[in-house]
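Q: Here's a structure for you.
The values are calculated or read from the model by the stated rules, or taken from the named source; none is laboratory data. It should be emphasised that the depicted structure is a prediction, and the values quoted were computed from it without experimental measurement. Ideal geometry is used to build each Cβ from the backbone, glycine not excepted, and the neighbour counts take in all protein chains shown. These accessible areas exclude ligands, DNA and RNA; they are computed on the full protein's heavy atoms, side chains included. Shrake-Rupley method; radii C 1.70, N 1.55, O 1.52, S 1.80 Å.
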Amino acid sequence: MNNALKNALLNRLIGMADDELILSHRNAEWTGHAPLLEEDIALANLAQDELGHATVLLGLVEELNGKTPDQMAYFRDAAEFRNVQFLELPKGDWAFTMLRQYLFDAYETILYNRLLTSSYQPLADVVAKFRGEEIYHLRHSHMWVERLGLGTDESLGRLQAALDQMWPLTAQLFQVSEADNLLSEEGVFPLAADMADEWQEIVLPHLANCSLHVPTHATMLLAGRETHTHFLNDLLTDMQQVARWDPSAEW
Amino acid sequence: MDPEIPVISLIEMGIIRDVTVAAEQVSVTMTPTFSGCPALLEMESLIIEAVQTLGVEQVVVNKQLNPPWTSDWITETGRAKLKAFGLAPPGMHGGNVTMTFFDLVECPRCDSKNTKLQNSFGTTLCRAIWVCNDCLEPFEQFKPL
Ligand SMILES: [Zn+2]
């Protein structure tokens, strides 16, 4: 693999891993705070799955850049993270958390299906593994969007407010850089922009069935994955502080 | 033995995929059940320990992700042991766990099929929580994957 291709792939792998890692952290923040005991357990499970996926993906990163998963997770600063912004926003209320999970699960389901045939075999192998687990996530978040959307005026109101806030940010999932063309030509990684239609075909009917209105005049976020909100700093301070207190500690 | 379900072996779980013996070295190929399973490292050291007690010093454990582990690989004996442990075994699905696939699960206490899913997520990544409408007991199921 030539250097240009390798760097482009690294960038995408780090993006996938960071999406999982950051969302995992936000979901883990519900532990002990979810509205129902059962959901407390469910969120802890989601967070654990996502952390597992991040660890596996960072293992693929290590094969390419020699940095261990711990170095990547705990010793990079916000500017080096490549997650999309809507995953780093504070966990908000239950409607926000479940809608975010749903929109992201639908995206991941499509991404994994496409990556099954990636010409980069290690990546095809890991998504084959992730895919079965992801079904449980999507099923759960899909059901919650329905329950809240068709629930009370208040639950629908909160869900709609979450959608209004989040919708413009979802455009970031489908951003492409020039290097991505290279990956797509080599069959390594699908062009993110090509997945947008498929994603909309999944989420738009469900959102409509749940009495939600997708904002029509929103300004979509077109910034790249290297840009972040200040919320990522806060999250990293929390997530990284123990590891940074004593980098030489053995666990 | 499985660290989280200490009545079933890693072979009965379908986790051990292959064992090869060459001169001085034994290689064991295993496949993880759930990616985020915290028992993975523990399983690896249990495998090494088990082979070493047979008098082999060099043990290599390879992890294989593809084809991904499926609960269909749990053996008949394994399923019986799960049930005796109070954990309803996963239904056979032939690789067809989809958004709309829902198991018909028998209560491991009274064998009733009149049961309902309470939570797809349970006390470990591999368990779901069900309730039996006949004996009214809640029970856990090993999730189909
Ligand atoms: Zn029963």
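Q: Using the alpha carbons of region A:1-40, what is the convex hull volume per residue in cubic angstrom, as a whole number? Each step should come with its number before you reach the end.
A: Numbers: hull volume 2.1 nm³, N = 40.
Here the figure is 52 Å³ per residue.
Q: Can I ask one more? How much length is gained if the chain between A:THR227 and A:LEU37 is pulled fully straight, taking 0.36 nm per residue apart and subtracting their Cα-Cα distance, in nm to one decimal?
A: On the way: separation 190, 0.36 × 190 = 68.40 nm, distance 3.58 nm.
Gain on stretching A:THR227 to A:LEU37: 64.8 nm.
Q: Filter the trypsin sites (Lys or Arg not before Pro) in region A:145-251 to those in DSSP coil with at most 13 other Cβ atoms within 10 Å of their Cβ, and list the result. Mind showing how you got there, number by number?
A: Values: sites: A:ARG147, A:ARG158, A:ARG225, A:ARG244; in loops: A:ARG225.
Sparse-neighbourhood loop trypsin sites (Lys or Arg not before Pro): none present.
Q: Please give the per residue accessible area of region B:75-142, computed with a probe of 1.4 Å over protein heavy atoms only, in Å².
A: Values: 3450 Å² over 68 residues.
Using a 1.4 Å probe on heavy atoms only, each residue of region B:75-142 averages 51 Å².
Q: If you take the Cα Rg of chain B and divide it by 2.2 N^0.38 Å, with N the number of residues, what do you get? Walk me through the intermediate numbers first.
A: Details: Rg = 16.8 Å, N = 145, 2.2 N^0.38 = 14.6 Å.
The value comes to 1.15.
Q: Could you run the numbers on buried accessible area between A and B, total for both chains, 1.4 angstrom probe, in Å² to the nearest 100?
A: Values: alone 11890 and 8300 Å², together 17940 Å².
The contact between B and A buries close to 2200 Å².
Q: Restrict the search to region B:15-103; then list the GluC sites (Glu not before Pro) that DSSP places in a loop and that have at most 16 other Cβ atoms within 10 Å of their Cβ. Could the numbers behind the result be given before it?
A: Details: sites: B:GLU24, B:GLU42, B:GLU44, B:GLU49, B:GLU57, B:GLU76; in loops: B:GLU24, B:GLU57.
Those satisfying the criteria are B:GLU24, B:GLU57.
Q: What is the distance in Å between the Cα centres of region A:105-173 and region B:49-113?
A: Region A:105-173 and region B:49-113 have Cα centres separated by 27 Å.
Q: I've got another one for you. Nearest 500 deg cm²/dmol is fine: what mean residue ellipticity at 222 nm does chain A get from its DSSP H runs of n ≥ 4 alone, each adding -39,500 (n - 2.57), divided by its residue count?
A: Working: 9 runs with 168 residues, N = 251.
Value at 222 nm, helices only: -23000 deg cm²/dmol.
Q: Now a separate question. Checking buried surface per residue: for region B:37-72, which residues lose a minimum of 50 Å² accessible area in the protein assembly relative to the chain alone (1.4 Å probe)?
A: The answer is B:LEU65, B:ASN66.
Q: Let me ask something additional. What percentage of the solvent-accessible surface of chain A, computed with a 1.4 Å probe over protein heavy atoms, is contributed by carbon and sulfur atoms? Don't skip to the end; give the middle numbers.
A: Values: 5710 of 10770 Å².
In chain A, the share of accessible area belonging to carbon and sulfur is 53 percent.
Q: Using only Cα atoms, tell me the angle between helix B:40-52 and the longest principal axis of chain B; keep it within 0 to 90° and round to the nearest 10.
A: With rounding to tens, the tilt is 50 degrees.
Q: Quick one: which of B:LYS116/B:LYS143; A:LYS129/B:LYS81; A:LYS67/A:LYS91 span more than 23 angstrom between C-alpha atoms?
A: Numbers: B:LYS116/B:LYS143 14 Å; A:LYS129/B:LYS81 26 Å; A:LYS67/A:LYS91 29 Å.
Going by Cα-Cα distance, A:LYS129/B:LYS81; A:LYS67/A:LYS91 fall outside the 23 Å limit.
Q: Excluding B:THR115 itself, what net charge comes from residues whose Cβ is under 9 Å from its Cβ, given Lys and Arg +1 and Asp and Glu -1?
A: On the way: positive: B:LYS113, B:LYS116; negative: B:GLU106, B:ASP134.
Overall, the nearby charge balance is 0.
Q: Ok, one more. Relative contact order for chain A using alpha-carbon pairs under 8 Å, separation at least 6, rounded to a whole percent?
A: On the way: 305 pairs, mean separation 61.7, N = 251.
About 25 percent, as a whole number.
Q: Take each of the peptides A:14-24, B:10-20, A:46-56, average the number of other beta-carbon atoms within 10 Å over its residues, and list them starting from the highest. Intermediate values should be presented prior to the final figure.
A: Values: A:14-24: 25.1, B:10-20: 16.8, A:46-56: 23.5.
The densest-packed peptide leads the list: A:14-24, A:46-56, B:10-20.
Q: Then there's this: Rounded to whole Hz and in sequence order, give me ³J(HN,Hα) for region A:204-210 from the Karplus expression 6.51 cos²θ - 1.76 cosθ + 1.60, θ = phi - 60°, writing x for Gly and Pro.
A: Once rounded to whole Hz, the list reads 4, x, 5, 4, 5, 4, 9.
Q: I've got another one for you. Computed over the Cα atoms of the protein assembly as shown, what is the convex hull's projected area averaged over all directions, in nm²?
A: Working: hull surface 87.0 nm².
Mean shadow area of the hull around the Cα atoms is 21.7 nm².
Q: Take the solvent-accessible surface of the protein heavy atoms, probe 1.4 Å, and return the percent of it on region B:1-69 that carbon and sulfur atoms account for.
A: Numbers: 1960 of 3560 Å².
Of the solvent-accessible surface of region B:1-69, carbon and sulfur hold 55 percent.
Q: Counting only residues 5 or more places away or on other chains, whose amide H sits under 5 Å from the amide H of B:SER112 once H atoms are built in the peptide plane?
A: Answer set, sorted by chain and number: B:CYS107.
Q: Continuing with the same structure: Treating the angle as unsigned and between 0 and 90°, give the value, to the nearest 10°, between the Cα long axis of helix A:230-245 and the longest Cα principal axis of chain A.
A: Roughly 50 degrees, rounded to the nearest 10.
Q: Okay, next question. What residues from region A:107-144 fall in the zone where the backbone N is under 20 Å from a label point 7 Å along the Cα-to-C-beta line of A:LEU64?
A: Correct set: A:108-131.
Q: Please report the carbon-and-sulfur percent of the accessible area for region B:75-142; probe 1.4 Å, protein heavy atoms only, DNA, RNA and ligands left out. Could you put the intermediate results ahead of the total?
A: On the way: 1870 of 3450 Å².
Exposed carbon and sulfur together represent 54 percent of the surface.
Q: What's the FRET efficiency of B:THR123 with A:GLU250 using the Cβ-Cβ distance as r and R₀ = 30 Å, to the nearest 0.05?
A: Numbers: r = 29 Å, r/R0 = 0.96.
Using R0 = 30 Å, I get an efficiency of 0.55.
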